[in-house]
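Just so it is clear, none of the values below were taken in a lab; they were calculated from the coordinates. No experiment lies behind these values; they were computed from the predicted model shown. Positions of Cβ are generated from backbone atoms using ideal geometry, with glycine treated the same way; all protein chains shown enter the neighbour counts.
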There are 2 protein chains.
Amino acid sequence: MPDVFAAFDAHVRAREREYVDELSALVRLPTVSAQGSAIAETAAAVLGRAQRAGFVATAERVSGGPPTIIGEQGSGDRTLLIYDHYDVQPPDPLEEWRTPPFEPTIRDGSLFGRGTSDNKGNLMARLQAVEAYKATVGPLPLRLRILFEGEEEIGSEHLAELVRVHADRLRADGCIWEAGYKDAAGRPTVSLGLKGICYVDLEVRGTALDAHSSVGGIVPNAAWRLVWALASLKDESGTIIVDGLMDHVRVPSAADLALLRALPFDEAGWKRIHGIDGFVGGATGLELKRKYFLEPTCTICGLRSGYQGQGSKTVLPAVASAKVDFRLVPDLTPELVRSLLRAHLDSRGFTDVAITPHHGERPSRWPSDTDVAKAAVAANRATYGTEPVVYPLMAGSGPMAQVCDQLGIPAVGFGSGNAGSANHAPNENIVIADYIDHIRAFGRFLHAFAGRPM
Amino acid sequence: MPDVFAAFDAHVRAREREYVDELSALVRLPTVSAQGSAIAETAAAVLGRAQRAGFVATAERVSGGPPTIIGEQGSGDRTLLIYDHYDVQPPDPLEEWRTPPFEPTIRDGSLFGRGTSDNKGNLMARLQAVEAYKATVGPLPLRLRILFEGEEEIGSEHLAELVRVHADRLRADGCIWEAGYKDAAGRPTVSLGLKGICYVDLEVRGTALDAHSSVGGIVPNAAWRLVWALASLKDESGTIIVDGLMDHVRVPSAADLALLRALPFDEAGWKRIHGIDGFVGGATGLELKRKYFLEPTCTICGLRSGYQGQGSKTVLPAVASAKVDFRLVPDLTPELVRSLLRAHLDSRGFTDVAITPHHGERPSRWPSDTDVAKAAVAANRATYGTEPVVYPLMAGSGPMAQVCDQLGIPAVGFGSGNAGSANHAPNENIVIADYIDHIRAFGRFLHAFAGRPM
C-alpha cells in the first residue's frame, strides 16, 4: 500500500462521527418507493450531496419515473460508473423493530435504520470516499460517473429507458454495483453479477363457484389442476423439468469451477440456520455450490385455494393459485422463461393455467478477469490484508442488466454490509467499522482501477 | 290406493297451517351443535313432541354426548326404526340470508329457515304422519322405534356407543333415514345408502422459518414437498392412485348397473350449474354415473402455503398444508384409507407429510330388493303417481353405518327436500307442498312396510 493511503485512512477515521451523522440524516428520510414517500426530497438531497462532492450532476427522469441522479467528475484514461439507489424497502412489520426504522440509532457499534445497508450506506460512503481521495491522495486519476436511481426496490421499471436516453453520460469501462457484504465468517466478498428473476402467479379457475366436495369424482377441481401443473415443472430431485429451460443454462467453464472450488460454503451453518437435515437432492460440496451460484431456481413462494381454516369444510374450490419465483442465470431471461412455461403447460393440456407476470429482471454476470474485478479484489486485499471471497453471482437480483449489459460495462460489487444486515427486514443495520472500511476500500479501488500501483 | 288414504290425505291437508306452525316453532330454536346452543331445550321439545305422538320415549346420553331421544310405540310383525337429528348447521354467512335463519318465514310457498330441510322438517313431518295415520287409518300395524340424535352436524361422535348400549331398544327390520329430495326435474327420489368420508389435513414442515426464495435451488421447500406428495395420490385422468385403495372398491353388480342405467342424470344441467365444459377424465353416460355413485373420491378442499397476497414476495415457505376429502364406497373405511395413505406416502419417501384426521364416517349401502326399499318405492309411487328415482348411494355422508350396519338394519331414505333446499347454506328451505307430500308418503310407507296392501 502506497504511503499516501496512510493519510487517506487517517482523514477518514478522523471523520467517522461526521460521516455517520451525514448518513443518518439521509436514513431519516422515509424514501419508500413502494409508497411514493419522500422521493423528491431524497432525490434533491442526494443531488446536492453529489454536487458538493464535486460532481457536475442533474436529476433526470423519463415519463412516469422518479428523479435519477446522473453526474460526472474527474478525467483520465478510464471511466468508472457508480450505481446506487436512494430508495428503500417498506419498513413493515414495524412492531419487530427495536428502534424506529427512520430514526437511525447506534447500538453496539452498529447503525440501525431502514436503508443503512440497502443502499443509502454505500451511496453515501462512496461520495465521502471520493472527497477523502481528493483531499489526501490528489486529483481523481480517472473519470467518475454516477447513476443513483429511486425505484430499485419496486423493479426499476423506467431505468432501461433512462439509460438508453442518457447513454452518452453513462458509458464507462467498469461499473461498481450497489451492494456487498462480509460473509458469516467476516470475510470480505466481491461479486461478479446478479441472478435474474421471473416471478409469476399461476392461477386456475375451474368451476363457476365453489361446489360441494361430494362431486369431486366428476367435477374438475382447480386445486388438482394446479397441483398437477406445478408437479410438471420440477421433479422430486429438485431438477427443473420445464421443457427446454435447462438448455439455456451455460455449462460452467473451467474458470467458473475454479472460482467455486475456492469459495467457502459453510454447509453445517446453512443446515443449522434453516433447521434442515440436508440439501435438495442430497447435493453437497462443489455440486451444491454449482446449484446455488450457477443454476436457475423454481420456487413455490405461495399456494392458495379453497378452505384454509381449522377443521373440515367439504368444498371443491373454484380457484387455485400459486406464486412461483424463478431465479435466472445466463442465458435465461424473464421473457424466455414465461414463453417456455406457457409452451410447457399448453403441451400438457394445462391451457387452463393462467400466467400473470410480476417482477422480472435479467441475470447479469461478468468474468473474474476484467479490470474492474481485478481492481476490486486488489482494493479489498489492500484494505483487509486478506484475500476476498469472490462470488460468480449473487443469488439475489437487481437491475444490473438494464445498465451494464445494455451499455457493455463489466460490473463488480462490494460494500459495507454484513451477513446479518437484515436487508428488507426489521432492524436493518451496518457495522460502523465496516462502513469506514468500505470508504477505505473504495478509495483504493479508484486508485487501482485507474492503474495506479497498489 | 286404498280408500282409507283419502281420509288420511284430507286430514293432513286440513292441518297444513298447524303442521307448518309446529315445524316453525322447532326451527326457531337455534340448535347449532357446533356451538352447543339450544341443545337441551331442543331435546326436551322433541322428547315432549314424540311423547304427544304416542311414543314411550326417553332422553338418553353417553358420557360427553348430547341427549338422544329413543322411543317406541305400536305392535306387529315388523319393526321400523326412524332416524333423524334435531341439531342444525351453523347459519353463517348470516349476511347472505334474505330473512334471519332462526325466524322461519314463508315466501312463494316455501318455508325458509335453518333446519327446515336438514333435518327438523322430516323429523316433525314423520311424527305428524304417525298421528294422522292413527287418527284416520287405524292403530299402527307395526312397531315403530325412533332415534333422534343431537350431534349429526358435528360427526355423531357418541352415536356408535349409544347404539351399542341401547341396541335392544333400536333393533328393527328396516330403517328410514333422515333425508331425501326431489331432483332438479321435480322427481321423487329414494336412496339406498350414503358414502362414507375420510377428511384429513396433510401438512409439511420444512425449514425452521420462512427463508429468502433465492435459496430455493438448494434448501428444501415445504410447498414443493406437498405438491409432489399430492400429485402422487391422483392422476390427471382423475384416477385415485393411492397404493391399494381401489382394490377395496366393490365391482358393480348387474343389479347396480341396472339401477344406474335407469337413473336420469342431467349432464347438460350439471355442466351449466358448475360452469364447466366437461367432466373429469371426459366421462359421460353410464361411466359418469358409476364414478359419481359407486366410486370413491379424493378431493383437495384447500391449499395453504407462504405468501398469498397481491404481487410478489420472494419467500421460501416453512409450512404447507392441504385439506383432502375422500368420499368412501364399500368396502372402504376412514381407518383403512388413512392407513393406506400413510403407507403410500412413506413408501415414496414422504415421511415428512403429516396426516391429521378430521371427519370420518363409514359408507353404508343396502340392496334395492329389501322390504324397506320396496315399501319406500311403493309409497312414493302411490303418493306421486310416478316411479321414484332410485339412487344406489347418496354422494353425501352421515352416521348410517353406526346405526344400520352395527345393528344389521337395511336402510332407505326419502324426504321433503328439493334440489334447491340449500342444506348447510344460506336460505335453507322446503317447499310447503313437498312437506305435506312427505307426510302423505310416510303414512303410506308405514302401511306398505307392515305388509298392508297398497
Open item on the list: For chain A, what does the relative contact order come out to in percent, with C-alpha contacts under 8 Å and a separation of six or more?
Closed with: 25
Task: Local net charge near A:Ile273, Cβ-Cβ under 15 Å (Lys/Arg +1, Asp/Glu -1) - done: -3
Open item on the list: Once the cut-off is 15 Å, how many percent of the Cα-Cα pairs in segment B:61-110 end up in the long-distance tail?
Closed with: 70
Open item on the list: Give me the extension gain from A:Ser339 to A:Thr58: residue separation times 0.36 nm, minus the current Cα-Cα distance, reported in nm with one decimal.
Closed with: 97.2 nm
TODO: Might you report the magnitude of the Cβ-based charge dipole of segment B:33-90 about its Cα centre, with Lys and Arg at +1 and Asp and Glu at -1, to the nearest 20 debye?
DONE: 100
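Beta carbons within 10 angstrom, averaged per residue: use that to sort the peptides B:101-111, A:144-154, B:300-310, highest first.
Numbers: B:101-111: 16.5, A:144-154: 24.1, B:300-310: 21.5.
Ranked from most to least packed, the peptides come out as A:144-154, B:300-310, B:101-111.
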- [ ] Identify all lysines with a Cα-Cα distance to B:Lys134 below 25 Å; exclude those on the same chain that are fewer than 8 residues away in sequence.
- [x] B:Lys120, B:Lys374
- [ ] Rank by packing, highest mean first: peptides A:432-438, A:130-136, with packing defined as the count of other Cβ atoms within 10 Å averaged across residues.
- [x] A:432-438, A:130-136
TODO: List, in order, the whole-Hz ³J(HN,Hα) value for each residue of segment B:386-397 obtained from phi through the Karplus relation with A = 6.51, B = -1.76, C = 1.60 and θ = phi - 60°; use x for Gly and Pro.
DONE: 8, 6, x, 7, 10, 9, x, 8, 7, 6, x, 10
- [ ] Calculate the mean, over all residues of peptide A:276-285, of how many other protein chain Cβ atoms lie within 10 angstrom of the residue's Cβ.
- [x] 3
Task: segment A:1-59 shape via C-alpha gyration tensor axes, a/c threshold 1.5 - done: prolate
TODO: Could you give log10 I(q)/I(0) at q = 0.11, 0.18, 0.23 Å⁻¹ for segment B:249-346, computed by the Debye formula over C-alpha point scatterers of equal weight, without solvent?
DONE: -0.55, -1.02, -1.22
Task: Burial ordering of B:Phe5, B:Phe112, A:Phe414, fewest other beta-carbon atoms within 10 Å first - done: B:Phe5, B:Phe112, A:Phe414
Task: Nonlocal amide H pairs with B:Lys234, under 5 Å, H built at 1.01 Å - done: B:Ile241
Task: Degrees, to the nearest 10: A:371-384 long Cα axis against longest axis of chain A - done: 70
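Between A:Ser75 and A:Arg107, what FRET efficiency follows from the Cβ-Cβ distance if R0 is 41 Å, with the result rounded to 0.05?
Values: r = 43 Å, r/R0 = 1.04.
The formula returns an efficiency of 0.45 here.
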Task: Phi to ³J(HN,Hα) by Karplus 6.51 cos²θ - 1.76 cosθ + 1.60 over segment B:88-97, Hz, x for Gly, Pro - done: 10, 6, x, x, 4, x, 4, 5, 8, 7
TODO: Please quote Rg/Rh for segment A:24-104 to two decimal places, taking the Kirkwood radius as Rh and restricting both calculations to Cα atoms.
DONE: 1.05
Task: Considering only the protein assembly as shown, percent of DSSP beta bridges that pair antiparallel, nearest 5 - done: 70
- [ ] Distance from a point 7 Å along Cα→Cβ of B:Leu286 to each backbone N in segment B:222-263: keep the residues under 16 Å and list them by number.
- [x] B:251-263
Open item on the list: Using the Cα centre of the protein assembly as shown as origin and beta-carbon charges of +1 (Lys, Arg) and -1 (Asp, Glu), tell me which of B:Gly121, A:Ile355, A:Ile146 is placed farthest towards the positive end of the dipole.
Closed with: A:Ile355
- [ ] At a temperature of 4 °C and a viscosity of 1.567 mPa s, determine how fast chain A diffuses translationally according to Stokes-Einstein, using the Kirkwood radius over alpha-carbon pairs as Rh; express D in µm²/s, rounded to the nearest whole number.
- [x] 55
Task: Alpha carbon Rg of segment B:372-454, scaled by the compact-globule rule 2.2 N^0.38 Å - done: 1.20
Open item on the list: Which of rounded, prolate or oblate describes segment A:90-208 when judged by the alpha-carbon gyration tensor and an a/c cut-off of 1.5?
Closed with: oblate
- [ ] Determine the dipole magnitude for the protein assembly as shown: charges of +1 sit on the beta-carbon of Lys and Arg, -1 on that of Asp and Glu, nothing else is charged, the reference point is the Cα centre, and the result goes in debye to the nearest 20.
- [x] 400
Task: Overall Cα dimensions of segment B:38-161, principal axis frame, Å, largest first - done: 51, 41, 20
Task: Inverse of mean 1/r across different Cα pairs in segment A:165-266, Kirkwood, Å - done: 19.7
TODO: For every other residue with a beta carbon closer than 11 angstrom to the beta carbon of B:Glu178, add +1 if it is Lys or Arg and -1 if Asp or Glu, then tell me the sum.
DONE: -2
Task: Per-copy distances of the A:Ala167 label point, shortest first, in nm (7 angstrom along Cα→Cβ) - done: 9.0
TODO: Determine, for B:Val249, B:Val324, B:Val315, the number of other Cβ atoms within 10 Å of each Cβ, and report the residues in order from fewest to most.
DONE: B:Val249, B:Val315, B:Val324
- [ ] Along Cα→Cβ, 7 Å out, is where each label goes; now give me the distance between the ones at A:Asp277 and B:Arg187 in nm to one decimal.
- [x] 5.6
Task: Sites B:Ala135 and B:Thr239, calculated FRET efficiency, Cβ-Cβ separation with R0 56 Å, nearest 0.05 - done: 0.50
Task: Nearest 10 degrees, 0 to 90: helix A:16-27 Cα axis against chain A principal axis - done: 40
TODO: Once the label point is placed 7 Å from Cα along Cβ, list for B:Thr356 the distances to the corresponding points in the other copies, in nm, shortest first.
DONE: 2.9
- [ ] Between A:Asp371 and B:Glu96, with labels modelled 7 Å along Cα→Cβ, what's the label distance in nm to one decimal, could you check?
- [x] 6.9
TODO: Would you kindly derive the ³J(HN,Hα) couplings of segment B:337-345 from the backbone phi angles with the Karplus curve 6.51 cos²θ - 1.76 cosθ + 1.60 (θ = phi - 60°), listing them in order in whole Hz, with x for Gly and Pro?
DONE: 5, 5, 5, 5, 5, 4, 5, 4, 5
- [ ] For segment A:89-118 and segment B:61-128, compute the distance between their C-alpha centroids and round to whole Å.
- [x] 60
Open item on the list: What are the extents of the Cα atoms of the protein assembly as shown along their three principal axes, in Å, largest first?
Closed with: 121, 48, 48
TODO: Output the Kirkwood hydrodynamic radius of segment A:313-436, Cα pairs only, in Å rounded to one decimal.
DONE: 18.4
Task: Exam field: B:Ala255 pseudo-label spacings to other copies (7 Å along Cα-Cβ), nanometres - done: 8.2
Open item on the list: Relative contact order of segment B:365-449, please, whole-number percent, based on alpha carbon pairs below 8 angstrom and at least 6 residues apart.
Closed with: 40
TODO: Within a 10 angstrom radius of each residue's Cβ in B:324-333, how many Cβ atoms of other chains show up on average? Whole number is fine.
DONE: 2
Task: Neighbourhood net charge (11 Å Cβ-Cβ; Lys/Arg +1, Asp/Glu -1) for B:Asn122 - done: -2
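With contacts defined as alpha carbon pairs under 8 Å and 6 or more residues apart, what's the relative contact order of segment B:6-111 in percent?
This gives 27 percent for segment B:6-111.
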